[in-house]
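Okay, so here's the structure we're looking at.
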């Protein structure tokens with residue numbers, strides 16, 4: 001039989017650890033289970049790019065970044081907004097700063113100091129961490145079953161928070177296998193988000209330009225344009241501008257097959273100004289040297305122009321081609337390389353406390369819920385906020401139970 005003092009969190013990422021801290025701060029005893037040898041593996045990976053914790057933009061615009069629209073997620077972020085996350089980080093002795101584009105980072109620009117301080121706080125609160133525990137099921141009475149290096153183990157909590165992540169970067173612990181353990185819970189299929197896409201480059205283009213960045217471009221799809229950068233890969237394209245539109249592109253490919261996006265290689269010049277420059281006599285210059293000297297295109301951008309001209313998919317007029325170069329995206333590059341995943345437990349299957357409606361005492365948080373957002377602090381903010389909300393939900397439910 002479950003003991004009132006035993007509470008479980010399964011998953012040692014930001015959502016799970018925040019749920020554990022929220023519960024333990026109320027004087028409750030919490031045990032965190034994680035399948036990996038140490039917690040926060042994907043959180044640590046996020047720190048390689050500077051650990052963009054959140055964003056400073058006004059909250060209404062911030063909330064618009066999430067899709068699909070989710071009132072429950074909105075309420076969680078409003079209750080634990082970016083300002084609260086910044087205060088939490090600085091309360092752990094990790095000073096933050098706001099970048100020129102409004103992104104907020106720890107001054108250390110990496111995860112490890114923050115995670116060490118956080119683990120110290122959790123330990124001081126009495127939170128127990130059990131690593132190497134892979135969750136394999138929950139009985140009708142709430143008993144949890146795990147596989148461990150020494151065999152199967154059981155735990156009998158009064159309540160459980162699931163924070164098992166999505167299905168991106170499975171080698172770091174979130175492989176989506178938890179979906180099979182909740183057969184009576186409605187779950188949207190897990191799909192890549194903030195991902196790259198495959199393109200049928202010519203062999204010569206891929207060999208020459210794989211690994212080259214496309215800087216200061218504008219990418220357009222379905223009426224939306226994003227300025228930023230991208231990266232050519234041997235099999236396609238990835239990077240910030242692509243990630244920002246990846247959800248819409250992925251959905252279009254799923255529905256209709258390969259999708260066409262357009263790249264403006266010189267967004268700082270309008271087409272008329274570009275055409276004027278290109279009207280100059282080329283003389284003996286090759287097309288490559290002419291584009292480099294006349295309009296300042298980088299070699300990789302010139303390569304894209306030549307690729308489009310050679311395969312016959314684009315207009316021969318250079319100015320409109322440079323302003324809207326078409327790329328045919330065949331499909332996503334897969335969950336194993338995606339930054340995050342879309343899909344998960346449908347939010348309407350949770351009550352206002354983040355408890356799974358048909359499983360009393362079972363709560364869920366983080367990326368395993370059905371929401372997605374771009375990179376830039378939105379992913380981590382929602383994970384922290386939903387973990388906080390689920391922790392508060394556990395406390396409210398226990399109070400209702402008189403436990």
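The values are calculated or read from the model by the stated rules, or taken from the named source; none is laboratory data. Every value quoted in this text rests on a predicted model; they were computed, and no experiment measured them. All Cβ positions, even for glycine, are placed from backbone atoms using ideal geometry, and neighbour counts span all protein chains on display.
Against the definition (part of a helix (DSSP H, G or I), in the same structural domain as residue 161 (by TED's automatic domain parsing), buried (at least 16 other Cβ atoms within 10 Å of the Cβ) and at pLDDT 95 or above), how does residue 76 come out, yes or no? Judged against the criteria, residue 76 is a match.
Can you say whether residue 109 is closer than 22 Å to residue 243 by Cβ and either surrounded by 14 or more Cβ atoms within 10 Å (Cβ to Cβ) or free of Cβ contacts under 8 Å to residues at least 24 places away in the same chain (or both), as far as the supplied structure shows? Here the answer is yes, as residue 109 does meet what is asked. Restrict the check to region 245-261 and report whether at least one residue is surrounded by fewer than 20 Cβ atoms within 10 Å (Cβ to Cβ), modelled with pLDDT under 95 and in contact with a strand residue (DSSP E or B) (Cβ under 9 Å, 6 or more places away or on another chain). There is no residue in region 245-261 that is surrounded by fewer than 20 Cβ atoms within 10 Å (Cβ to Cβ), modelled with pLDDT under 95 and in contact with a strand residue (DSSP E or B) (Cβ under 9 Å, 6 or more places away or on another chain).
Among the residues here, residue 85 qualifies as farther than 23 Å from residue 351 by Cα and part of a helix (DSSP H, G or I). Any chance you could count how many residues in region 57-71 are assigned to a helix (DSSP H, G or I) and surrounded by 17 or more Cβ atoms within 10 Å (Cβ to Cβ)? Here the count works out to 2.
Looking at 317, 379, just one residue is within 12 Å of the chain's Cα centre (by Cα) and farther than 28 Å from residue 155 by Cα, and that residue is 379. Return a yes/no flag: does region 115-135 have any residue that is surrounded by fewer than 17 Cβ atoms within 10 Å (Cβ to Cβ), modelled with pLDDT under 95 and in contact with a strand residue (DSSP E or B) (Cβ under 8 Å, 6 or more places away or on another chain). No, that holds for no residue. Identify the single condition in (1) free of Cβ contacts under 8 Å to residues at least 24 places away in the same chain; (2) touching a strand residue (DSSP E or B) at 6+ places or on another chain (Cβ under 9 Å) that residue 69 does not satisfy, given that it satisfies every other one. Failing condition for residue 69: (2). Just one of the listed residues (147, 160) is modelled with pLDDT of 95 or more, surrounded by 16 or more Cβ atoms within 10 Å (Cβ to Cβ) and not in a helix (DSSP H, G or I), and it is 160.
Residues in region 105-136 that are in a strand (DSSP E or B) and touching a helix residue (DSSP H, G or I) at 6+ places or on another chain (Cβ under 6 Å): 106 alone.
For every residue, the table says whether it meets (1) in contact with a helix residue (DSSP H, G or I) (Cβ under 7 Å, 6 or more places away or on another chain); (2) buried (at least 19 other Cβ atoms within 10 Å of the Cβ).
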site: 15; (1), (2): yes, yes
site: 21; (1), (2): yes, yes
site: 33; (1), (2): no, yes
site: 40; (1), (2): yes, yes
site: 55; (1), (2): yes, yes
site: 80; (1), (2): yes, yes
site: 85; (1), (2): yes, yes
site: 90; (1), (2): no, no
site: 95; (1), (2): no, no
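For region 126-163, a tally of residues being in contact (Cβ under 8 Å) with a residue 60 or more places away in the chain, on the phi < 0 side of the Ramachandran plot and more than 29 Å from the chain's Cα centre (by Cα) returns 6.
Selection of region 203-235 for residues being at positive phi and surrounded by 14 or more Cβ atoms within 10 Å (Cβ to Cβ) yields 216, 228. Every condition in (1) in a helix (DSSP H, G or I); (2) surrounded by fewer than 24 Cβ atoms within 10 Å (Cβ to Cβ) holds for residue 358 except the one numbered (1).
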